[in-house]
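Peer 1: Pasting a structure below so you can have a look.
The values are calculated or read from the model by the stated rules, or taken from the named source; none is laboratory data. Bear in mind that the values here come from a model prediction, so they are computed numbers and not experimental data. Ideal geometry is used to build each Cβ from the backbone, glycine not excepted, and the neighbour counts take in all protein chains shown.
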Amino acid sequence: MRGQDSNDLAKGRRVHVTGLLTSAFTTISHKAHAYGIECNINLKMQFMLLFSRQGKLRLQKWYVPLSDTQKKKISREVIQMVLARKPKMCSFLEWRDLKIVYKRYASLYFCCAVEDQENELITLEIIHRYVELLDKYFGSVCELDIIFNFEKAYYILDEFILGGEAQETSKKNVLKAIEQADMLQEEAETPRSVLEEIGLT
Amino acid sequence: MPAPIRLRELIRTIRTARTQAEEREMIQKECAAIRSSFREEDNTYRCRNVAKLLYMHMLGYPAHFGQLECLKLIASQKFTDKRIGYLGAMLLLDERQDVHLLMTNCIKNDLNHSTQYVQGLALCTLGCMGSSEMCRDLAGEVEKLLKTSNSYLRKKAALCAVHVIRKVPELMEMFLPATKNLLSEKNHGVLHTSVVLLTEMCERSPDMLSHFRKLVPQLVRILKNLIMSGYSPEHDVSGISDPFLQVRILRLLRILGKGDDDSSEAMNDILAQVATNTETSKNVGNAILYETVLTIMDIKSESGLRVLAINILGRFLLNNDKNIRYVALTSLLKTVQTDHNAVQRHRSTIVDCLKDLDVSIKRRAMELSFALVNGNNIRGMMKELLYFLDSCDPEFKADCASGIFLAAENPFESLQTFTLEAGSYVRDDSVPNLIQLITNSVEMHAYTVQRLYKALLDDISQVTEDEVLDVLEGLLVSNLSTPVTRGYSLTAIMKLSTRFSSVNRIKKVVSIYGSSIDVELQQRAVEYNALFKKYDHMRPALLERMPIMEKTATNGPAEIQTNGETDSTILDTKHPPNITQPASQANDLLDLLGGNDVVPVIQTTVPTKPASAGGELLDLLGDLSLTGGPTPTPAPSVPISQPPFLLDGLTSQPLFNDIAAGIPPMTAYNKNGLKIEFTFERSNPNPNIAVITIHATNSTEADMTEFVFQAAVPKTFQLQLLSPSSNVVPALNQGSVTQVIRVLNPQKQQLRMRIKLTYTHKGSPVQDLAEVNNFPPQSWQSLPWGCMGSSGIFLTQSRVDGMKTDDDDDDDLQRQ
């Protein structure tokens, strides 16, 4: 029977997957994830969004694999929800089975989606640390800095957070790394312009 | 060909666009330029073009044609190219893309690059979005880097390993050796990421968990150093040293200490220290305290520590900062099951949070409030919760209403819920609870009926038969009725067929719906039709009032359908006044089960055995055959031989748990050698029912045959006699006749009973009457509310309405 076949197939698939997962250890199963994300269990931070008060996206970092349409849809929803919040409300929103932790700095909203079990207060500190890094790097950062230097904002974020977790807890070290990488970039660029000047492109 | 415009230039230009259309035009133009530039394989400006493409991608425009260019950039030797290339890869080349795997080789090369910043780029990209295949291919490289002495790379490798493990869990084992001395690092970055890695491994595998338990002392030491060490500018946040690391360590300790006494004990001190010494003026301190509280509650901490934790949460509740209050409510919700009393102390604060403007806080407070409702505080809580229901947003009403139903002790509150227009939000499965509540509080019936009827009609005028039928028919045809409501209406109409005189009208309505599109309605209508046609004589008995439902801990037993007939409820009890039923409202039992519950029974054949056969299953239909012809109205002069109940549990044994309630047995009668003893049990599901077993013994030398025991109780009680074990009391105490009596005592009055005994002794009939007044107080005093038993249809009491017209006799005479 058709139904039976597909059932068996499904079962077979399941067995295969379970086989992968168990191997030498028994795995502890975890809560299934939000929104079409199948296999990223245990991910603490799923994405981070920066957007303006008009809802324009200034930065989007995704730590889960999603299609462009899905990302767009999620962004739209989250942005709408956060913008609808009144100023005196708390910084946490429940959305599907994730928690949205957001904070507004001047004209920019910084928004993280974390797992339900995550410590929301420390997530606020993570957001704050990122803002401090941007501030130190750009010197009194404002939205325009992030608009015109979005790639630098990404670089800084990638020096601070990797795979959704903080990789460096020292402000100084993050900024030092960025500085050095920037210098490396400049060194790489300078020779070319010299050649151009001589006329040898 | 002119150089492509710079990135900043483009951004500036696009921002000058005044309309969406204008912007789109600019973007399209630039995209075309970029595409042709890509086609020319221009190495110089590839980087610039991709950067522009990424900007346009952020604005929401498609950028897939840049994917391969990103790959080329990654493969380039220039650091600038690599930087943009990897950024582009992370934005455009996730694992769903076909070309994703083409990155693998480049990443592999870069993982071994001479420049650590290039290695860093590769690790970052792999750790953010590497697919399972990629992870499998490159796990070895990552593992190598995990052992490097370069802390910049080591910390990144650790998080990369976390990602690899998440994607390919069976590779976890290969990282085990590298974790050996991770915690001896001084560098906080490495420490932090190592703790994350260890946490990940422990969460995934119990074996790893037990393996890493030995690290608890080391973790405690590190944490201690963080707290005790002086000011460290590098890691300081508002006076606290590296809060991120502290939180992470606390979390790992939580996982390691859970369920393990030794580990828990090893961390008790440090937890107490953190809990008491952390500065709470800023968010960062509270974040650490929060994590500490979570850890304390999860591990096997000593009670003093737990109290400390709950008190911290209590302080959080009073904090001005909404975030802190939210977090406190969340944690309290988690702990309310285990530390109920401690949480109760903060009840008033929690209830205050119901009035908060913040939606998230309100929801948490509501959930917590429901969890805190108990017998002592239910009055106050109900008031608050009802007020909340009235004023809250629609998104809350459904949950709140259902919560109130489950928690409510008397139907007054539940009724209020209904009439507060939250009724439409109430889930179907809450209805049985409501019905059950209503029936249990007998004195509320009149009030209930009025309120419900009012809600239904908005009109309290005197009701005639036709009006009632009009209302119900109106419900049936109304577009606004849900199928469920229609079902209720149809069944209600059906039941009225035995109460009203306009049977024909009802028959017509029922037959119309025999061809209804709604399958449920159709089925009911067809069955009711059959009831009219073939089984008319059974109709009255079948549509009799049904017994009180047991209160259940969950949403009701499976066999009781959720067709709590609120409509028929209204009409049943409203009806008696119309047909001059003198039945006192207080004693009316509401008809609860829909006719369709009973209908299937019709299908079985009707055995004609007498109901009084000792110890036999009392068959529904057997009873009916006893009652003889149809009784057109429900109440009338009920013949004494009417069986006391319609539905029996499947045995003649009482349906209750034997609680040795410690009620002493008593001798009710002792005369002429016949001794009758009463023993007591409390019926678990319903504390208002006393179950008495009589034991009749005969000390004379001759048997007492044809022994019949009858009992009568005052009006406020109801009595039920089950079959006796036999009707011969053997001589010389060689055996006894036992019989079970059930007494419903809703008003908790003192139990009194009049008994009548008839038997034949030595050839001559003997009859005797006696009063039994010496019931021990425990047999009729109430048990605390909260006895919720399993489901079960409780046996009804017989109808006593007709009896009430008999003025001479105070007591009702009933017999089996």
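Peer 1: Yes or no: the range B:184-195 includes at least one residue that is more than 8 Å from every other protein chain (Cβ to nearest Cβ), under 39 Å from the mean Cα position of the chain (by Cα) and not small (Gly, Ala, Ser).
Peer 2: yes
Peer 1: Name every residue in the range B:210-256 that is within 13 Å of chain A (Cβ to nearest Cβ) and part of a loop (DSSP other than H, G, I, E, B), in order of residue number.
Peer 2: Of everything in the range B:210-256, those that are within 13 Å of chain A (Cβ to nearest Cβ) and part of a loop (DSSP other than H, G, I, E, B) turn out to be B:Ser232, B:Pro233, B:Glu234, B:His235, B:Ser238, B:Asp242.
Peer 1: Can you work out which of the residues in the range B:293-329 that are modelled with pLDDT of 90 or more and among the hydroxyl-bearing types (Ser, Thr, Tyr) is farthest from the chain's Cα centre (by Cα)?
Peer 2: My answer is B:Thr295.
Peer 1: Can you tell me which residues in the range B:234-292 are of a type in the set (S, T, N, Q) and surrounded by fewer than 18 Cβ atoms within 10 Å (Cβ to Cβ)?
Peer 2: B:Ser238, B:Gln273, B:Thr276, B:Asn277, B:Thr280, B:Ser281
Peer 1: Does B:Leu121 satisfy being surrounded by 17 or more Cβ atoms within 10 Å (Cβ to Cβ), of a type outside the set (Phe, Trp, Tyr), touching a residue at least 12 places away in the same chain (Cβ under 8 Å) and closer than 19 Å to A:Gln167 by Cα? Before you say what the answer is, go through the steps one by one.
Peer 2: Details: surrounded by 17 or more Cβ atoms within 10 Å (Cβ to Cβ): yes; of a type outside the set (Phe, Trp, Tyr): yes; touching a residue at least 12 places away in the same chain (Cβ under 8 Å): yes; closer than 19 Å to A:Gln167 by Cα: yes.
Answer is yes for this residue.
Peer 1: Among what's in the range A:138-151 and is hydrophobic (A, V, I, L, M, F, W, C) and more than 13 Å from chain B (Cβ to nearest Cβ), pick the residue that is surrounded by the most Cβ atoms within 10 Å (Cβ to Cβ).
Peer 2: Residue satisfying both the conditions and the ranking: A:Val141.
Peer 1: Name the residues in the range A:135-160 that are farther than 22 Å from B:Val50 by Cβ and free of Cβ contacts under 8 Å to residues at least 40 places away in the same chain, would you? Talk me through it step by step, then tell me what you get.
Peer 2: Keep residues of the range A:135-160 that are farther than 22 Å from B:Val50 by Cβ, which gives A:135-144, A:160.
Matches in the range A:135-160: A:Asp135, A:Lys136, A:Phe138, A:Gly139, A:Ser140, A:Val141, A:Cys142, A:Leu144, A:Phe160.
Peer 1: Please work out which residue is nearest to the chain's Cα centre (by Cα), limiting yourself to the range B:348-397 and to residues that are outside any helix (DSSP H, G or I) and of a type in the set (A, V, I, L, M, F, W, C).
Peer 2: Per the criteria, the residue is B:Val373.
Peer 1: Could you list all residues from the range A:167-200 that are farther than 21 Å from B:Thr125 by Cβ, at pLDDT 70 or above and outside any helix (DSSP H, G or I)?
Peer 2: Selection gives A:Thr169, A:Ser170.
Peer 1: I would also like to ask the following. Take the residues of the range A:44-93 that are surrounded by fewer than 19 Cβ atoms within 10 Å (Cβ to Cβ) and among the polar types (S, T, N, Q): which is nearest to B:Glu95 (Cα to Cα)?
Peer 2: Here the answer is A:Ser67.
Rundown of residues vs (1) of a type outside the set (Phe, Trp, Tyr); (2) not in a helix (DSSP H, G or I), yes/no style:
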| residue | (1), (2) |
| --- | --- |
| A:Leu66 | yes, yes |
| A:Thr69 | yes, no |
| A:Glu77 | yes, no |
| A:Met81 | yes, no |
| A:Leu93 | yes, yes |
| A:Phe110 | no, yes |
| A:Glu125 | yes, no |
| A:Asp135 | yes, no |
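Peer 1: Could you figure out which of (1) assigned to a helix (DSSP H, G or I); (2) surrounded by 14 or more Cβ atoms within 10 Å (Cβ to Cβ); (3) modelled with pLDDT under 80 isn't true of B:Val526?
Peer 2: All conditions pass for B:Val526, except number (3).
Peer 1: Residue by residue through the range B:348-369, note down the ones that are more than 14 Å from chain A (Cβ to nearest Cβ) and buried (at least 18 other Cβ atoms within 10 Å of the Cβ).
Peer 2: B:Ile350, B:Val351, B:Leu354, B:Leu368, B:Ser369
Peer 1: Could you check how many residues of the range B:139-189 are among the small types (Gly, Ala, Ser) and surrounded by fewer than 19 Cβ atoms within 10 Å (Cβ to Cβ)?
Peer 2: 4
Peer 1: Could you count how many residues in the range A:113-137 are away from chain B (no Cβ under 14 Å) and buried (at least 17 other Cβ atoms within 10 Å of the Cβ)?
Peer 2: Matching residues across the range A:113-137 total 3.
Peer 1: Go through the range B:190-218 and count every residue that is modelled with pLDDT under 95 and closer than 25 Å to A:Lys172 by Cα.
Peer 2: 0
Peer 1: Only one of B:Arg325, B:Arg248, B:Arg306, B:Arg347 is free of Cβ contacts under 8 Å to residues at least 60 places away in the same chain and farther than 29 Å from B:Gly375 by Cα. Can you tell me which?
Peer 2: Answer to the check: B:Arg248.
Peer 1: State all residues of the range B:734-744 that are over 17 Å from B:Ala668 (Cβ atoms) and surrounded by fewer than 21 Cβ atoms within 10 Å (Cβ to Cβ); if no residue qualifies, say none.
Peer 2: B:Gln734, B:Gly735
Peer 1: Quick check, is B:Arg742 charged (D, E, K, R), within 28 Å of B:Gly673 (Cα to Cα) and modelled with pLDDT under 85?
Peer 2: Judged against the criteria, B:Arg742 is a match.
Peer 1: From the list A:Val131, A:Val114, which one is under 28 Å from B:Lys362 (Cα atoms), within 17 Å of the chain's Cα centre (by Cα) and hydrophobic (A, V, I, L, M, F, W, C)?
Peer 2: Checking each option against the conditions leaves just A:Val114.
Peer 1: So which residues in the range B:759-769 are crowded, with 16+ Cβ neighbours inside 10 Å and either hydroxyl-bearing (Ser, Thr, Tyr) or touching a Lys or Arg at 6+ places or on another chain (Cβ under 7 Å) (or both)?
Peer 2: B:Tyr759, B:Thr760
Peer 1: Now, a different point. Quick check, is B:Thr738 in a strand (DSSP E or B), touching a residue at least 40 places away in the same chain (Cβ under 8 Å), touching a His at 6+ places or on another chain (Cβ under 6 Å) and of a type outside the set (D, E, K, R)?
Peer 2: yes
Peer 1: Kindly indicate whether any position in the range B:700-709 is assigned to a strand (DSSP E or B), of a type in the set (S, T, N, Q) and at pLDDT below 85.
Peer 2: No: the range B:700-709 contains no residue that is assigned to a strand (DSSP E or B), of a type in the set (S, T, N, Q) and at pLDDT below 85.
Peer 1: Please give the helices (runs of 4 or more DSSP H) falling wholly within the range B:1-108 in which 3 or more residues are away from every other protein chain (no Cβ under 12 Å), surrounded by fewer than 20 Cβ atoms within 10 Å (Cβ to Cβ) and free of Cβ contacts under 8 Å to residues at least 24 places away in the same chain.
Peer 2: Passing ranges, in order: B:20-39.
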